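Asker: Structure in structure tokens, see below.
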Amino acid sequence: MARKYRVTLIPGDGVGPEVSAVACRCIEATGVSIEWEVHNAGAEVAERVGTPLPDDVVESIRRNGLALKGPVTTPVGKGFRSVNVALRHALDLFACVRPCKSYHGVRSPYEGIDLVVVRENSEDLYAGIEFQHDTPEAREIIAAIERLQPKKIRHDSGISIKPISVSASRRIVQYAFDYARRYRRRKVTAVHKANIMKHTDGLFLDTARAVAEENGVKVVRHPDGQVTYQGGEVEFDDRIVDNMAMQLVQKPELYDVLVLPNLYGDIVSDLCAGLVGGLGVAPGANIGEKAAVFEATHGSAPKYKGLNKVNPTAVILSGVLMLRHIGETAAADRLENAVAAVIAEGKYVTYDLKADRNDPSAVGTREMGEAIIRAVLGVRC
């Protein structure tokens, strides 16, 4: 008898419920048996119950170990903190995995892109350790820093703390190597700014090199201070983050799996999404040892709410990642191939996937989902 999976479904807000509903139907079309346990989070929930992330949402994910999440609204500069960040911290979802892959039919100046960004999720500047300017706490932390080292900080500064630990760095780099082996990838590249931030990014790089050695890579330290890498079932190298950004634009084919601290991972993953056509085709996963949350990387686009207009691809491909995560590889392949076939044909796609975004033949969110379901089932249109 086929296994039945219980999955927490967080529809989200804005266009979230529309794209999530389509994604669920596409996943179900693969034949994998899923019971969806629906819980709500986001700005609309906060208006009703006073918090964007009720306790029952986190408890459901802890209980089920799996969640599919639609986009939720995060205020800029005020209001509650990101639901995504809160979930990552509450469930220790330490690895954010964002594949960026070219699909024929998606408008982009690049072809053949196949990158995976593995981002450390738990610390760095996203740890949420901040002090608002002109408060007693900010003044106290500034005074403490000035006592401990000679550099001065403007007293009207806000302060954010950037913790990078050996343990979290080790865990994320090892995850990147494990991911590369599981999915037959060829190389892991550690991305950092160790030339400037020697005690945080320097620690990340040193730890990454140590983990690479444990995974069969020979790390060669030359007398002039240069470091090179040799061998390994999975190869390894490192890049300074600003150089990495340029390299990805100029010659992305040289790279494969990128592993980064939190802030750089957030920025570089959007850059990589831009190489393949944008966030509308960019899935995401947040992985921990006991739970995993799969979600689109785009926002909630509230102005399109209820218009049946938004591209559902990113959430559907996040469902593909979920199926692979639980070992339903054949189902995942069928669904990804169906998405690729519908996009390549270009007939039943949303406006953003048309050569002309004003093309009147563009279909809606639900109609694109129905075409993908037909492709999964092998039904000719």
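The values are calculated or read from the model by the stated rules, or taken from the named source; none is laboratory data. In this text the structure is predicted, and so the values were computed from the model without any measurement. Note: ideal-geometry Cβ built from the backbone for every residue, glycine included; neighbour counts use all protein chains shown. Side chains are part of the model used for accessible areas, which takes the heavy atoms of the whole protein and leaves out ligands, DNA and RNA. Shrake-Rupley method; radii C 1.70, N 1.55, O 1.52, S 1.80 Å.
Asker: List every residue pair whose Cβ atoms sit under 6 Å apart, with the two residues 6 or more apart in sequence or on different chains, where the first one lies in segment 293-308 and is touching a residue at least 24 places away in the same chain (Cβ under 8 Å) and the second, anywhere, is among the polar types (S, T, N, Q) and assigned to a strand (DSSP E or B).
Answerer: Short answer, once both residue conditions are applied: 293/286.
Asker: What number of residues in segment 157-188 are farther than 30 Å from residue 131 by Cα, of a type outside the set (Phe, Trp, Tyr) and surrounded by fewer than 22 Cβ atoms within 10 Å (Cβ to Cβ)?
Answerer: Selection size over segment 157-188: 8.
Asker: Of the residues that sit in segment 363-381 and are of a type in the set (Gly, Ala, Ser) and within 18 Å of residue 298 (Cβ to Cβ), which one is surrounded by the most Cβ atoms within 10 Å (Cβ to Cβ)?
Answerer: Filtering first and then ranking leaves 369.
Asker: Okay, moving on. Suppose we keep only residues that are assigned to a helix (DSSP H, G or I) and over 20 Å from residue 336 (Cα atoms) within segment 273-324. Which one would you say is nearest to the chain's Cα centre (by Cα)?
Answerer: The selected residue is 302.
Asker: Would you list the helices (runs of 4 or more DSSP H) that sit entirely within segment 1-81 and hold 2 or more residues that are over 28 Å from residue 364 (Cβ atoms)?
Answerer: Because the criterion is at least 2 residues that are over 28 Å from residue 364 (Cβ atoms), the helices (runs of 4 or more DSSP H) in segment 1-81 that meet it are 43-49, 55-64.
Asker: Still on this structure, I have one more. So, of the residues in segment 226-237 that are touching a residue at least 24 places away in the same chain (Cβ under 8 Å) and open to solvent by 30 Å² or more (accessible area, probe 1.4 Å), which turns out to be farthest from residue 204 (Cα to Cα)?
Answerer: Of the residues in segment 226-237, the ones touching a residue at least 24 places away in the same chain (Cβ under 8 Å) are 233-237.
Checking which are open to solvent by 30 Å² or more (accessible area, probe 1.4 Å) leaves us with 233, 235.
Working: 233: 22, 235: 18 Å.
Checking each candidate, the answer is 233.
Asker: Right, next: Hey, residue 270 hits all of (1) part of a helix (DSSP H, G or I); (2) touching a residue at least 60 places away in the same chain (Cβ under 8 Å); (3) open to solvent by 10 Å² or more (accessible area, probe 1.4 Å) but one; which does it fall short on?
Answerer: Residue 270 satisfies every listed condition except (2).
Asker: Taking the condition at pLDDT 95 or above and under 30 Å from residue 251 (Cα atoms), does residue 101 pass? If you could, list the steps in order and put the result at the bottom.
Answerer: Details: at pLDDT 95 or above: yes; under 30 Å from residue 251 (Cα atoms): yes.
Spelling it out, residue 101 is indeed at pLDDT 95 or above and under 30 Å from residue 251 (Cα atoms).
Asker: Run down 248, 263, 254 and say which single residue is open to solvent by 60 Å² or more (accessible area, probe 1.4 Å) and in contact with a helix residue (DSSP H, G or I) (Cβ under 8 Å, 6 or more places away or on another chain). Reasoning before the result, please.
Answerer: Details: 248 fails: open to solvent by 60 Å² or more (accessible area, probe 1.4 Å); 263 fails: open to solvent by 60 Å² or more (accessible area, probe 1.4 Å).
Step by step, each of 248, 263, 254 is checked, and only 254 is open to solvent by 60 Å² or more (accessible area, probe 1.4 Å) and in contact with a helix residue (DSSP H, G or I) (Cβ under 8 Å, 6 or more places away or on another chain).
Asker: Any chance you could count how many residues in segment 345-363 are out of contact with any Ser or Thr (no Cβ under 7 Å at 6 or more places or on another chain) and in contact (Cβ under 8 Å) with a residue 24 or more places away in the chain?
Answerer: Start the filter on segment 345-363 by keeping residues that are out of contact with any Ser or Thr (no Cβ under 7 Å at 6 or more places or on another chain), which leaves 345-349, 351-361.
Then keep just the ones that are in contact (Cβ under 8 Å) with a residue 24 or more places away in the chain; that gives 345-349, 351-353, 355.
Number satisfying all stated conditions: 9.
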